[in-house]
Every structure is written in structure tokens, then in C-alpha cells.
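The values are calculated or read from the model by the stated rules, or taken from the named source; none is laboratory data. Keep in mind it's a predicted model, so treat the numbers as computed, not measured. A quick note on method: Cβ atoms are made from the backbone with ideal geometry, for glycine too, and the neighbour counts reach across all protein chains shown. Heads up: the accessible areas ignore ligands, DNA and RNA and are worked out on the full protein's heavy atoms, side chains in. Shrake-Rupley method; radii C 1.70, N 1.55, O 1.52, S 1.80 Å.
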Amino acid sequence: TLYTVTFDSNGGSAVDPQEVEEGNSAVLPDPEPSRTGYSFAGWYADAGLLSPWNFSTAINSATTIYAKWTTNDYTISFDSRGGDAQSSISVTWGNTYASLPVPVRTGYSFDGWYTAPTGGDLIENATVITTAADHTLYAHWTALTATVSFDSQGGSAANPVSKVVTFDQAYGSLATTARTGYSFD
């Protein structure tokens, strides 16, 4: 009598069933199944995954064997792109990033962590991990601006009286003024 041995991959890649002659044993599937974000942890005799399957067990009825999986952890590195260095963290597949660091960079405001140095997707604490590999997140920054006021020190009113400048950029053209009997330095 032939019995069918079914392999329930529990969300992993499909595994072909085997037809086994009564009293013989099933053969360990090769290759083993795969599942994004998980490592294969063996075959089990029960859906509760409590009893590992012994492939020398004689088959005497239709049988289902169940795959067990362990969730993978991944290392997340941070490229703060000019900000202070950040230590890498470990995250578990399917969970959120949870506690992303907040770097500091003089003259800039931090816009968040992204999947690429420019562009890319914003990654926040509540973002669920969908990259099944160690990966790097990149800081995006916006240069701060300031208003510069011009004091003509007794000369005519400065033209303009103020302007907005951006950190780490040239001031550009400055205000002009005049004062009788003086040259503007």
C-alpha cells in the first residue's frame, strides 16, 4: 500500500509530497523550503511543532510533516552623512525598527532615516522591517537658515536691511550703504 506524505511548509516554499510504500520511511526533502525573513528550523510531526520528525519513522498511514521556522535578526547600520556616528542595531524580521537613533549635525536639522543616500523611502520607528538582510539607513538633512540684519553704523539705511542665509553657503551679495565723508569698507 502507498501512503502520501505531505509537507506543510507553514508559509515557506512548496515541497512536493512523497508516495511511500507502507513500512518505509519518507526521504528528507532536498532542497529544504525557504521563507523570506526566516530560517528553516526542521521538520516536525505535529502542527504545534513540539515533536521533531524522525526520517527513519515507518509510514503506516497518510502523514503530514510540518516545517518549523525561526525569525531572522538583521543588523542595521547607520550612515549619518556628516552627522555624529551612530551604533548599529539588531532588528527582528516582521517587527518595527522601534528605536532609531537621532543624530546631530551642526547647522542642519535631521529629516529622518532613508533607504538611500538621496531619495529612498523614509524609515520611522513604526516602520515594519521588510528588508530580509543586513542593511544601511541614511540620514537626510536640511541646512538651517538664519536672518542676517545689516546695521549701517550711521550710514544710509542698508539696502536690503536683512536677508536670509543658509548654513554652510556663501552669503551672496551683501547690503549696500553710503555715509557722507566715508568710504564703505
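All told, Phe167 falls short of being of a type in the set (A, V, I, L, M, F, W, C), touching a Pro at 6+ places or on another chain (Cβ under 8 Å), surrounded by 14 or more Cβ atoms within 10 Å (Cβ to Cβ) and farther than 30 Å from Thr70 by Cβ. Of the residues making up segment 24-38, those that are of a type in the set (S, T, N, Q) and over 16 Å from Thr130 (Cβ atoms) are Asn24, Ser25, Ser34. Residues that are not small (Gly, Ala, Ser) and not in a strand (DSSP E or B) were ranked within segment 147-164; the one that is farthest from Thr75 (Cα to Cα) is Gln153. Looking only at segment 7-38, count how many residues are part of a strand (DSSP E or B) and either loosely packed, with under 14 Cβ neighbours inside 10 Å or basic (Lys, Arg) (or both). Adding up the residues that qualify gives 2.
Apart from one condition, Ser173 fits all of (1) open to solvent by 90 Å² or more (accessible area, probe 1.4 Å); (2) small (Gly, Ala, Ser); (3) under 16 Å from Ser80 (Cβ atoms); the exception is (3).
For segment 113-122, the candidate set comprises residues that are in a loop (DSSP other than H, G, I, E, B) and open to solvent by 40 Å² or more (accessible area, probe 1.4 Å); within that set, the residue that is nearest to Ser77 (Cα to Cα) is Thr115. Restricting the first member to segment 155-173 and to residues that are over 21 Å from Phe110 (Cβ atoms) and in contact (Cβ under 8 Å) with a residue 12 or more places away in the chain, and the second to residues that are assigned to a strand (DSSP E or B) and open to solvent by less than 80 Å² (accessible area, probe 1.4 Å), the beta-carbon pairs closer than 6 Å and six or more apart or on different chains are Lys163/Val148; Tyr171/Val165.
Cβ-Cβ distances below 8 Å connect the following pairs, each with a first residue in segment 37-52 that is touching a residue at least 40 places away in the same chain (Cβ under 8 Å), a second residue that is open to solvent by 50 Å² or more (accessible area, probe 1.4 Å) and of a type in the set (S, T, N, Q), and a separation of six or more residues or different chains: Gly37/Thr71; Tyr38/Thr70; Tyr38/Thr71. Thr130 satisfies every condition listed in (1) polar (S, T, N, Q); (2) open to solvent by 40 Å² or more (accessible area, probe 1.4 Å); (3) at pLDDT 95 or above except (3). Just wondering, is there one or more residues in segment 133-146 that are open to solvent by less than 60 Å² (accessible area, probe 1.4 Å), over 30 Å from Ser39 (Cβ atoms) and assigned to a loop (DSSP other than H, G, I, E, B)? No, segment 133-146 has no match at all.
For segment 46-67, a residue qualifies if it is aliphatic (A, V, I, L, M) and under 12 Å from Phe7 (Cβ atoms), and the qualifying residues are Ile65, Ala67.
Here Pro17, Pro29 are screened, and the one residue that is at pLDDT 95 or above and more than 19 Å from Thr1 (Cα to Cα) is Pro29. Candidates are the residues of segment 53-112 that are open to solvent by 30 Å² or more (accessible area, probe 1.4 Å), in a strand (DSSP E or B) and not hydroxyl-bearing (Ser, Thr, Tyr); the one that is farthest from Thr131 (Cα to Cα) is Phe110.
Filter segment 39-50 down to the residues that are in a loop (DSSP other than H, G, I, E, B) and in contact with a strand residue (DSSP E or B) (Cβ under 6 Å, 6 or more places away or on another chain) and list them by number. Break it down stepwise before answering.
Applying the first criterion (in a loop (DSSP other than H, G, I, E, B)) to segment 39-50 yields 45-50.
Ala47, Leu49, listed by residue number.
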